[in-house]
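K.L.:
Sharing a structure below in structure tokens format, with a few things to ask.
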Amino acid sequence: MKRGTLGLIIGLLAAVFQSPSVASTRESGPAPVDTLRLTLDEALALASVQSVDAMVAKNTMRAAYWRYRNYKAELLPSLTFNGTLPSLNKSLSSYQKEDGSYEFVPSSLLTENAGLSLSQNIPYTGGTISVQSQLQRIDQLDGDRRTSWLSVPAVVTLEQPLITSRPLRWSMKIEPERYREAQQQFAVNMETVAIQTIQHYFNLLLTASNLEIAEQTLRNATQLYDIAEGKKRLGLISDNDLLQLRLGKLNATASVVTARQDYEQRVQSLRNYLGLNGNLWIEAEVPEAAPYYPVDLAEVMDLARENNPITANTRRRFLEAQQIIAEARVERGFQVNVYASVGFTGSDAKIGGSYRDLQNRQVASLGVRIPILDWGKGRGRVQLAKSQAEVEKHRVRKDNLDFDQTVVMAVQRYQDQSELTALYRTADTVARQRYRTAFETFVMGQINVLDINAAQNEENTARRNYIDQLYYSWLYLYNLRQITLFDFGTRSRIVYDFMDL
């Protein structure tokens with residue numbers, strides 16, 4: 001996270017949680033609540049730190065990080081201590097005598113054993129090599145009481161399947177791609193948080209604009225009705241026009257109530273999304289249009305293919321499909337497993353003596369598994385794996401075609417939006433001027449009620465359209481950022497460090 005963004009977040013949190021920094025108060029119900037005047041940049045900073053979606057994205061990334069760490073640990077040697085300190089056995093056990101008969105004899109033993117094992121997986125062969133050292137002591141507790149020691153100073157063991165799919169070798173190909181995909185997906189998820197924040201923020205702005213329009217409409221309707229009453233007394237306006245203006249005033253009053261309810265609901269939605277205090281009232285400031293940066297479709301396509309997780313996702317899915325085929329082929333045929341262990345061992349009544357006059361310790365085995373009759377089950381598994389790989393191949397191809405189309409549409413919308421926003425800003429200014437002119441003309445009696453209502457409706461529509469275009473200017477910019485994971489303002493990749501959030 002950049003220092004500037006971090007400073008913005010710290011300052012904003014201070015404004016939220018320290019009452020001296022509160023901007024103003026607003027009456028809502030029986031008691032006043034604190035009011036926070038919020039800019040879009042501040043909302044984006046807050047959402048990246050404390051929104052629920054940001055927390056989910058961060059913890060999802062943390063899980064992927066520890067999965068990758070566990071995979072890396074599989075490639076490193078592991079040291080293990082195991083032992084029994086002590087084990088007491090006082091029981092009766094069966095004993096076969098020389099004449100073939102059995103009898104039960106008492107057994108009373110105290111045993112202790114300890115061992116160290118250093119093992120290492122071999123990714124390229126699929127086997128495991130280990131070095132162990134063991135020490136065991138036996139104390140006879142009854143009869144001829146004595147102590148015996150057994151030592152295994154060092155023994156080297158190799159466990160190696162001769163025919164294997166080498167799963168750890170596949171992990172060395174798949175897991176880095178999975179982790180790269182998780183890192184890029186985390187950045188995408190955080191950009192999604194920003195997009196959701198923009199949507200909540202402009203929903204609030206739009207309802208705030210609607211409330212402002214409704215209140216202004218009510219003031220205008222009241223003023224027009226008062227003027228019309230005066231004209232009626234002078235016989236300058238008909239009863240029908242007067243009633244129409246009265247109806248307009250009543251409708252405007254109802255619109256204010258509805259607009260205020262919508263506004264309060266949007267305040268609550270933004271407040272909840274940002275994780276703010278439930279008693280905090282938010283007033284959103286209207287931002288400027290999003291900055292426009294010249295973009296080229298070819299460059300955006302290259303950035304998207306390089307930075308977006310869909311590329312790593314494609315490679316991972318292809319590798320996983322190939323791994324399934326390899327595993328099915330191995331399980332179909334015969335299997336041979338080699339176990340070999342060589343080392344030294346010794347025993348004595350004293351611990352020091354058990355390490356002298358050591359003897360060779362050699363253990364070897366060869367395990368074979370040969371399927372003779374499986375009714376085509378092994379072949380079926382291979383064919384099933386191949387079919388699934390083909391299905392996944394076509395799915396990946398479709399996903400990539402859809403993604404390319406998404407990139408093209410995102411670039412086109414972004415390139416057109418700057419001009420649209422400027423046009424609607426001009427339209428908003430013209431509509432305001434037209435309404436003021438129409439109002440003055442109506443006061444002088446040169447236009448009728450229908451004309452003044454039409455001018456007011458045009459002004460209201462132009463204002464809403466301008467807010468909408470502001471929203472789209474920010475939305476399309478962040479859509480482009482999300483697809484490419486590239487900041488076109490700073491010309492740098494977008495990277496989030498989940499440890500800092």
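The values are calculated or read from the model by the stated rules, or taken from the named source; none is laboratory data. Keep in mind it's a predicted model, so treat the numbers as computed, not measured. Don't worry about glycine lacking a Cβ; one is built from the backbone with ideal geometry, like all the others, and counts go over all protein chains shown. For accessibility, only protein heavy atoms count, side chains too; no ligands or nucleic acids. Shrake-Rupley method; radii C 1.70, N 1.55, O 1.52, S 1.80 Å.
K.L.:
Using the alpha carbons of segment 380-501, what is the convex hull volume per residue in cubic angstrom, as a whole number?
P.N.:
With only Cα atoms used, segment 380-501 gives 208 Å³ per residue.
K.L.:
Taking a ≥ b ≥ c as the square roots of the Cα gyration tensor eigenvalues, with a/c under 1.5 meaning rounded and otherwise prolate when a/b beats b/c, else oblate, which class fits segment 328-438?
P.N.:
Oblate, because a/c is 1.5 or more while a/b does not exceed b/c.
K.L.:
Rolling a 1.4 angstrom probe over the protein chains, ignoring ligands and nucleic acids, what is the accessible area of Val188 in square angstrom, nearest 10?
P.N.:
20
K.L.:
Still on this structure: Considering only protein heavy atoms, what per residue accessible area in square angstrom results for the chain with a 1.4 angstrom probe?
P.N.:
57
K.L.:
Sort Ser108, Ser387 from largest to smallest accessible area, using a 1.4 Å probe on the heavy atoms of the protein chains.
P.N.:
I get Ser387, Ser108, largest accessible area first.
K.L.:
Report, by chain and number, residues whose modeled amide H sits under 5 Å from the one on Ile282, excluding near sequence neighbours (fewer than 5 apart, same chain).
P.N.:
Here Leu36 satisfy the definition.
K.L.:
Still on this structure, please answer the following. Can you tell me the Rg and Dmax of segment 440-501, counting just the alpha carbons, in angstroms?
P.N.:
22.5, 68
K.L.:
Right, here's the next one. Which helices, counted as full DSSP H runs in the chain, have an axial Cα extent of no less than 18 Å and a Kyte-Doolittle average of -1.0 or above?
P.N.:
Going by DSSP H runs, the hits are 3-17, 52-74, 167-233, 239-274, 309-332, 377-443, 449-484.
K.L.:
Shifting gears a bit: Just for the Cα atoms in segment 373-439, what are the lengths along the principal axes, largest first, rounded to whole Å?
P.N.:
Ordered largest first, segment 373-439 gives principal extents of 94, 22, 7 Å.
K.L.:
Hey, which lysines would be in cross-link range of Lys72, C-alpha to C-alpha under 17 Å, not counting anything within fewer than 8 residues on its own chain?
P.N.:
Lys173
K.L.:
In the chain, what percent of the accessible surface is made up of carbon and sulfur (1.4 Å probe, ligands and nucleic acids excluded)?
P.N.:
In the chain, the share of accessible area belonging to carbon and sulfur is 53 percent.
K.L.:
Take segment 49-207, compute every pairwise Cα distance, and split them into 10 Å bins from 0; I just need the percent in each bin.
P.N.:
Here the calculated profile for segment 49-207 is 8, 18, 17, 16, 15, 11, 8, 4, 2, 1, 0.
K.L.:
Further question: To the nearest 10 Å², what's Trp281's accessible area with a 1.4 Å probe?
P.N.:
Accessible area, nearest 10 Å²: 10 Å².
K.L.:
Now a separate question. To the nearest 0.05, what FRET efficiency results for Glu390 and Ser341 with a Förster distance of 51 Å applied to their C-beta separation?
P.N.:
Here the calculated transfer efficiency is 0.70.
K.L.:
If you take the Cα atoms of the chain, find Rg, then find the Kirkwood Rh from the mean of 1/r over all pairs, what is Rg/Rh?
P.N.:
Taking Rh as the inverse mean 1/r over Cα pairs, Rg/Rh reads 1.25.
K.L.:
Scan around Ala154 for amide H atoms under 5 Å from its own, H built in the peptide plane at 1.01 Å from N, and keep only partners 5 or more places away or cross-chain.
P.N.:
HN-HN under 5 Å from Ala154: Phe344.
K.L.:
Using a 1.4 angstrom probe with every protein chain in place, what is the largest-first accessible-area order of Tyr414, Tyr292, Tyr273?
P.N.:
Of Tyr414, Tyr292, Tyr273, the descending order of accessible area is Tyr292, Tyr273, Tyr414.
K.L.:
What would the Debye equation give as log₁₀ I(q)/I(0) for segment 159-297 at q = 0.08, 0.11, 0.17, 0.18 Å⁻¹, counting only Cα atoms as equal point scatterers?
P.N.:
For segment 159-297, the Cα-only Debye profile gives -0.51, -0.71, -1.00, -1.05.
K.L.:
If you bin every alpha carbon distance in segment 180-261 into 10 Å steps from zero, what whole percent lands in each bin?
P.N.:
P(r) for segment 180-261, in whole percents per bin: 17, 26, 19, 14, 10, 8, 5, 2.
K.L.:
What is the set of long-range amide H partners of Ile163 at a cut-off below 5 Å, with H atoms built 1.01 Å from backbone N?
P.N.:
Those lying under 5 Å, H to H, from Ile163 are Val336.
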